[in-house]
Amino acid sequence: MLGETFLQKYNDHNDSGTVIDQRRSYGVKAPAQHPIYENFQAFKPLLTAQSSQEQLTSLGELMYQCHYSYSACGLGNDGTDRLVQLVQEMQHSKISKSENGTLFGAKITGGGSGGTVCVIGRNCLQSSEQIFGIQQRYKNATGCMPFRFEGSSPGAGNVGT
């Protein structure tokens, strides 16, 4: 939809942080589909199901689907797309396959400013080694070493930003 058409029809978009360019064509379908299909999926029931190889494989696949849906909206970035791709490559590598794999999926996550990828994997040394390998490959390609954190934290409310 052209920005001009949107403004004629709706007058405003109630977001003081952005401006609608009247000459730009905005994708509407993918951003509207993303939250519908992401929330429609069976992630929560799978997450609480009994742990198994099939459960982890399914959770990982849903994470990939969510990531690519988000990217189709034009909301991703090269860095997060590269990290998700590196996780997929590691997951499907011959070495990982021969060891029953420890990484299962990845997706962009966070508060909307990009740069954070969540990876689902087994809690073991092999997963840590594979993540380190992904960090190294990312650094070799971009010159930037991704920061890695595991588990959870008290959040920005307690530790600041």
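Some observations on this one:
- Cβ separations smaller than 9 Å between residues 6+ apart or across chains give no pair from region 25-37 residues that are within 14 Å of Tyr70 (Cβ to Cβ) and in a strand (DSSP E or B) to residues that are at pLDDT below 70 and among the hydroxyl-bearing types (Ser, Thr, Tyr).
- Consider region 97-115 and keep the residues that are modelled with pLDDT of 60 or more and in a loop (DSSP other than H, G, I, E, B). The one that is surrounded by the most Cβ atoms within 10 Å (Cβ to Cβ) is Gly101.
- Only listed residue being of a type in the set (A, V, I, L, M), at pLDDT 85 or above, over 25 Å from Cys144 (Cβ atoms) and in contact with a helix residue (DSSP H, G or I) (Cβ under 9 Å, 6 or more places away or on another chain), chosen from Ala42, Ala30, Ala49: Ala49
- Val19 falls short on exactly one of the conditions (1) closer than 30 Å to Thr102 by Cβ; (2) out of contact with any Ser or Thr (no Cβ under 9 Å at 6 or more places or on another chain); (3) at pLDDT below 90, and that condition is (1).
- Search result, residues across region 58-94 that are in a helix (DSSP H, G or I) and among the polar types (S, T, N, Q): Ser58, Gln65, Ser69, Ser71, Thr80, Gln85, Gln88, Gln91
- Listed by first and then second residue, the pairs linking a residue in region 71-85 that is under 16 Å from Gly27 (Cα atoms) to a residue that is among the β-branched types (Val, Ile, Thr), with Cβ atoms under 9 Å apart and 6 or more places separating them unless they lie on different chains, are Ser71/Thr80; Ser71/Val84; Ser71/Ile108; Leu75/Ile108; Gly76/Val84; Gly76/Ile108.
- Within the set Gln55, Gln8, the sole residue that is loosely packed, with under 11 Cβ neighbours inside 10 Å, assigned to a helix (DSSP H, G or I) and at pLDDT 90 or above turns out to be Gln8.
The values are calculated or read from the model by the stated rules, or taken from the named source; none is laboratory data. All of these numbers come straight from a predicted model, not from anything done at the bench. Cβ: placed from backbone, ideal geometry, glycine included. Neighbour counts: every protein chain shown.
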